[in-house]
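Notes to accompany the following structure.
The values are calculated or read from the model by the stated rules, or taken from the named source; none is laboratory data. Computed from a prediction, not measured in an experiment: that's the story for all the values here. Backbone-built Cβ (ideal geometry, glycine too); neighbour counts: all protein chains shown.
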Amino acid sequence: MTTQCFTQLTPKDPDTLMFFKRPDNEKTNEKKHPYFSGTVELIDDILKAHLLLNANIVMNETESKIASTMLLDASPEKGFITLDALSPYEANKGLKAGSILTIEGCINGTHFSFTSTIKKVLQDDDENLSYQLTYPEKLNSELQRDAYRVNISVIKQLKVAIYSQKDNSPITGYLRDISSTGFRVEFKGKPEKQFSSRDSISKCSIQLPDETRIDCQAKVMHVGYNPDLDIYKLGCKFTDLPGHGQRAINRFINNMQREIRRKDQGEDFV
């Protein structure tokens, strides 16, 4: 299991990624705003991006569990955020007012985490769960210089169709790793169409396991060939990736990370 390190950003850190400051005499609803403006801005960005988040729930001193959730609402003026029900659904069992959650995620190449306490367990007319938590007073954050890259097993035949600017006929290979910033694709044998470093890919179509298709544009960053295995490799960087495609990739990466964690913990799953 990979441990991520975070650097706490405070108003005293002049060279940090974001400028955190407490607004001078700022009032909202006739009350002095109690939160750092940088925290509010990042929480707003997370809300707008509809990110899939990791939630670490501390059950007791020796037990914790990890699930996925999304931010549904944020109100710094009223001092709360609202999170969607956890997935898998059984992770919601035992959560109540006073339960503590640590939320982690990544946005625009920046890892973040914060800890919050459940204030209320909410349930709508359709019995859908959500949670109202205390608004985080501080965020831990660091710039993600090297995006987490998920290796794809050769067993998983995830197809990648690549088009060049020279013509519209694609070449098809198989996805071998992917991150929020790029991917690697392999071809059996040298394709008729040869690529060079810095070549632009006008269209690329990546198939994920849930049948989601990601259409994007990319740039070739490196090219390799293994003559012993007769495998041709392209390492590519996303240059134009729609928001829904980015979210689909983030979900896929989070699911793969969760799968790896479960395997490391010896859990059986399909």
**Fill in**
Scanning the range 117-136 for residues that are more than 22 Å from the chain's Cα centre (by Cα) and outside any strand (DSSP E or B), the one farthest from Ser87 (Cα to Cα) turns out to be Asp125
**Complete:** For the range 190-208, the count of residues that are loosely packed, with under 12 Cβ neighbours inside 10 Å and over 22 Å from Asn168 (Cβ atoms) equals 1
**Message:** Checking Ser153 against (1) crowded, with 17+ Cβ neighbours inside 10 Å; (2) modelled with pLDDT under 90; (3) among the polar types (S, T, N, Q): exactly one of these is not met. Which one?
**Reply:** (1)
**Prompt:** Out of (1) modelled with pLDDT of 90 or more; (2) outside any strand (DSSP E or B); (3) basic (Lys, Arg), what's the single condition that is false for Arg145?
**Reply:** (1)
**Asked** Residue check: is Glu192 at pLDDT below 85, of a type in the set (Asp, Glu) and either assigned by TED's automatic domain parsing to the domain that holds Leu158 or more than 15 Å from Ile152 (Cα to Cα) (or both)?
**Response** yes
**Prompt:** Pick from the range 209-230 the residues that are in a strand (DSSP E or B) and within 22 Å of the chain's Cα centre (by Cα): which of them is surrounded by the fewest Cβ atoms within 10 Å (Cβ to Cβ)?
**Reply:** Arg213
**Message:** Can you list residue pairs whose Cβ atoms sit under 6 Å apart, with the first residue in the range 77-102 being assigned to a loop (DSSP other than H, G, I, E, B) and the second being among the polar types (S, T, N, Q)? Count only pairs 6 or more apart in sequence or on different chains.
**Reply:** Glu77/Thr28; Glu77/Asn29; Ala85/Asn92; Leu86/Thr69; Leu86/Asn92
